[in-house]
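Below is one structure, written out as structure tokens; the observations come after it.
The values are calculated or read from the model by the stated rules, or taken from the named source; none is laboratory data. As the structure is a prediction and not an experimental result, all values here were calculated from the model. Positions of Cβ are backbone-derived with ideal geometry, glycine not excepted, and every protein chain shown enters the neighbour counts. The area values use the complete protein model at the heavy-atom level, side chains included, leaving out ligands, DNA and RNA. Shrake-Rupley method; radii C 1.70, N 1.55, O 1.52, S 1.80 Å.
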Amino acid sequence: MSATFRKTEIILLGILAFIALVLLPALNAWTPPESFFHISNFTINLYGKYLSYAVLAISVDLLWGFTGLLSLGQCLFFSLGGYAFGMYLALKVGKLGQYKQDLPDFMVFLGYKELPAHWEPFRHFWFAASASALVPALVALAFGYLAFRAKIRGVYFSILTQALTYAGCLMFFQNSFMFGGNNGLTDFKFVLGHDIRNAATQRGLYIATGALLFLTYIFCRWLTQSKFGKIQRAVRDSENRVLFSGYAAPNYKLFVFVIAAAIAGLAGALYVPQVGIINPSEMATDKSLEAIVWVAVGGRGTLVGPVVGAFAVNALKSWATRAFPDLWLIILGGMFTLVVLFMPKGLVGLPGQLYSLWQKISRRRTNAPPDGDTSFPEAPSDHQNPNPES
Amino acid sequence: MPKDFILSAEGVTKSFDGFKAIDDLSFYLDEGELRTIIGPNGAGKSTFLDLITGKTRPDIGKIEFKGTPITKRSEYQIYRMGIGRKFQTPSVFANHTVYDNILLGLEGRRGVWSTLLFGRTSTEQRDRIYDILKTINLAHKANEQAGTLAYGQKQWLEIGMLLAQNPQLLLIDEPAAGMTDEETVKTGELILSLAGKHTIIVIEHDMVFVRQLNSKVTVLHQGHVLREGTLDEVRNDERVIEVYLGRKKNV
């Protein structure tokens, strides 16, 4: 591990972890609400949501930024994780639901007398928590096995993943599968015996999500720096050369696809108790596209970028959807276009981009503008691969 | 009979949309042999390498490596049997360092789990990588990105990746393309130094280079073997002169 992380990075990670996991919750719990330093319950809840988005964004980056797999269905796995944990939460409502019965409300409404068999094991926390990672992983394994074996690449893979999440969305909309139809699962009361609306519970969920983000980051850093990670990036840059170097590229892609699905599922599991609802609209294709925008805005292939992007875009969304409710999608699309055109390395690549721009300007100022090739600006695309399928 | 050959292709045909790129081709190669394949554009030279390495599959016919049929195997399986290939246009990992390019080429376990858990480079492997880098004159560029190399250097790097693999059969597609005369001579020397240790097929256009290799030559034309022999025999063959060299007798 020591070779994976530099000393400054460890210190920086430590400071960030302290602020996010200790300082903010402490300010929320122990400062009076009128204090300048107080962090409101609303803010903690909002940040908790952003943290789970950040985990989702890292999973997208693992696929898109490091392996060249532009998956447009990552929210399916996020939602599957959310549903797995949501089922646990729905069963813990007990007799406190609208109908005062043991069954979740929508089942009573549909005339069910007994819990369907596939719901039964979700009474147990550890089953639901494991399922929130394993169910997405298994779906990814089945889909990825077929897709990668059939050598589906590039844009065809993207379209197929989009179709997959759309199919999942339609399936969950139907009541016959007993996942609550278009209303989904909501009105949760307890998690692990604690009142879910309690500030302390929400704080606990926030800390858990933050811890998941840090563990995910450290795991992905290790993964992408290992020899496996080198092959992963080689698959992105030149899949043919990887095949002709004796590596089974489909297996590498499958492995990353499954890992990313499990990570997204865990993020979804922690997202649901913080927003209090999971329904099929979370699987809609535009949600997955939003996650792509976070990664592009933050800077793909960096692991830090997606976290920055998830926070920045969602903070902007929180503000813009209140200030200009009708314009949000236009803002989002415009931002994506601008980033793709002018900031290929995203927000985290911006300092480097500005630095090289400044160098160019200062060079031009000291020397007379030279004729010939040196006056041409250095193409930024030299340092990244705009076409992962080349 | 075919068991005696390291590589044998019999009655191989491959068409693309009705065009027969390879037409009833039969080809035999002895272990340790160095063979040069020449032929006009579209003669099917690169397609033949595609067929051997699993990039495409023949419509009819069989290809055997050390007596084992390989036509149904995938690229990486064929690689693992000991067939390495250098492409016509240099194909290296542009965003990896020169060192890492050789590292990824290095023989060893290639499964997902072994690269994940046992991916550490040993001291012997490091030494081996630097030996190879010295052989291909790129030791001073070890930590640079492969994408920044000159065209000829990329060609060498790709040959270096093949050396790292240490395959029994080397398929080298136009190694001298884009090289200076001096680099071409060096490339020829490198290939000659490998001959004997490995079985090698070289595809080449450059006749000076072919002469330097001084090996048995196979002339492909319209997807099948037109003539085999020494370069001089081939050059004096009427049919070869007709289809390949045109009317010019002096190359």
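Of the strands (runs of 3 or more DSSP E) entirely within the stretch B:156-221, those holding at least 3 residues that are away from chain A (no Cβ under 14 Å) occupy B:199-203, B:216-221. Take the residues in the stretch B:46-71 that are more than 17 Å from the chain's Cα centre (by Cα) and of a type in the set (G, A, S), then tell me which one is surrounded by the fewest Cβ atoms within 10 Å (Cβ to Cβ). Step by step, filter the stretch B:46-71, then rank; the result is B:G67.
Per the listing B:A9, B:A43, the residue uniquely touching a residue at least 60 places away in the same chain (Cβ under 8 Å), crowded, with 23+ Cβ neighbours inside 10 Å and either assigned to a loop (DSSP other than H, G, I, E, B) or at negative phi (or both) is B:A43.
For the stretch B:59-66, the criterion of being outside any loop (DSSP other than H, G, I, E, B), without any contact (Cβ under 8 Å) to a residue 40 or more places away in the chain and more than 10 Å from every other protein chain (Cβ to nearest Cβ) is met by none of the residues. Considering the conditions (1) within 18 Å of the chain's Cα centre (by Cα); (2) open to solvent by 10 Å² or more (accessible area, probe 1.4 Å), A:S238 is excluded by exactly one of them, (1). Pull up the stretch B:67-87, narrow it to residues that are in contact (Cβ under 8 Å) with a residue 60 or more places away in the chain and small (G, A, S), then point me to the one that is nearest to the other protein chains (Cβ to nearest Cβ). The extreme case among them is B:G84.
Only residues that are away from chain A (no Cβ under 12 Å), without any contact (Cβ under 8 Å) to a residue 60 or more places away in the chain and not basic (K, R) were counted across the stretch B:48-58, and they come to 3.
Looking at the structure I just gave you, is B:N143 touching a strand residue (DSSP E or B) at 6+ places or on another chain (Cβ under 7 Å), assigned to a loop (DSSP other than H, G, I, E, B) and over 30 Å from B:E10 (Cβ atoms)? Yes, satisfied. State whether one or more residues within the stretch A:40-56 are β-branched (V, I, T) and open to solvent by less than 10 Å² (accessible area, probe 1.4 Å). There is at least one residue in the stretch A:40-56 that is β-branched (V, I, T) and open to solvent by less than 10 Å² (accessible area, probe 1.4 Å). Just give me the residues in the stretch B:118-147 being at the interface with another protein chain (Cβ under 9 Å from one of its Cβ atoms), surrounded by fewer than 13 Cβ atoms within 10 Å (Cβ to Cβ) and not basic (K, R), in sequence order. Listed by number, the list holds a single entry, B:F118. A:A199 falls short on exactly one of the conditions (1) open to solvent by 40 Å² or more (accessible area, probe 1.4 Å); (2) away from chain B (no Cβ under 14 Å), and that condition is (1). With respect to (1) surrounded by fewer than 13 Cβ atoms within 10 Å (Cβ to Cβ); (2) modelled with pLDDT under 95, the lone exception for A:F109 is condition (1). Put simply, of A:W328, A:W358 the only residue that is open to solvent by 90 Å² or more (accessible area, probe 1.4 Å) and either of a type in the set (F, W, Y) or farther than 28 Å from A:Y47 by Cβ (or both) is A:W358.
Per the listing B:A142, B:A176, B:A150, B:A195, the residue uniquely more than 17 Å from the chain's Cα centre (by Cα) and in contact (Cβ under 8 Å) with a residue 12 or more places away in the chain is B:A142.
Scan the stretch B:187-209 for residues that are under 24 Å from B:D131 (Cα atoms) and of a type in the set (D, E, K, R) and jot them down. B:E189, B:K197, listed by residue number. Scanning the stretch A:13-39 for residues that are open to solvent by 100 Å² or more (accessible area, probe 1.4 Å) and in contact with a helix residue (DSSP H, G or I) (Cβ under 6 Å, 6 or more places away or on another chain) yields one hit, A:F37.
Considering the stretch B:93-103, and only residues there that are in a helix (DSSP H, G or I) and within 8 Å of chain A (Cβ to nearest Cβ), the residue that is farthest from the chain's Cα centre (by Cα) turns out to be B:D100. If you check B:P90 against the conditions, is it in contact with an Asp or Glu (Cβ under 7 Å, 6 or more places away or on another chain), over 22 Å from A:Q225 (Cβ atoms) and more than 9 Å from chain A (Cβ to nearest Cβ)? It is true that B:P90 is in contact with an Asp or Glu (Cβ under 7 Å, 6 or more places away or on another chain), over 22 Å from A:Q225 (Cβ atoms) and more than 9 Å from chain A (Cβ to nearest Cβ). Residue-level analysis places B:R120 among those that are out of contact with any helix residue (DSSP H, G or I) (no Cβ under 6 Å at 6 or more places or on another chain), assigned to a loop (DSSP other than H, G, I, E, B), free of Cβ contacts under 8 Å to residues at least 24 places away in the same chain and charged (D, E, K, R). Among all residues of the stretch B:72-85, there is none that is among the charged types (D, E, K, R), in a loop (DSSP other than H, G, I, E, B), open to solvent by 50 Å² or more (accessible area, probe 1.4 Å) and under 28 Å from B:Q153 (Cβ atoms). Among the residues of the stretch B:153-194, those identified as open to solvent by 30 Å² or more (accessible area, probe 1.4 Å) and within 29 Å of B:G67 (Cβ to Cβ) are B:N166, B:Q168, B:L192, B:S193. Residue-level analysis places A:K100 outside the set of residues that are open to solvent by 20 Å² or more (accessible area, probe 1.4 Å) and in contact with a Lys or Arg (Cβ under 7 Å, 6 or more places away or on another chain).
Being more than 11 Å from every other protein chain (Cβ to nearest Cβ) and either modelled with pLDDT of 90 or more or farther than 16 Å from A:V242 by Cβ (or both) is a condition met by no residue of the stretch B:104-117. Scanning the stretch A:243-279 for residues that are facing chain B (nearest Cβ under 8 Å) and either touching a strand residue (DSSP E or B) at 6+ places or on another chain (Cβ under 6 Å) or closer than 19 Å to B:G160 by Cα (or both) gives A:L243, A:F244, A:S245, A:G246, A:Y247. From the list A:Q232, A:Q225, the lone residue that is within 14 Å of chain B (Cβ to nearest Cβ), polar (S, T, N, Q), in contact (Cβ under 8 Å) with a residue 40 or more places away in the chain and open to solvent by less than 70 Å² (accessible area, probe 1.4 Å) is A:Q232.
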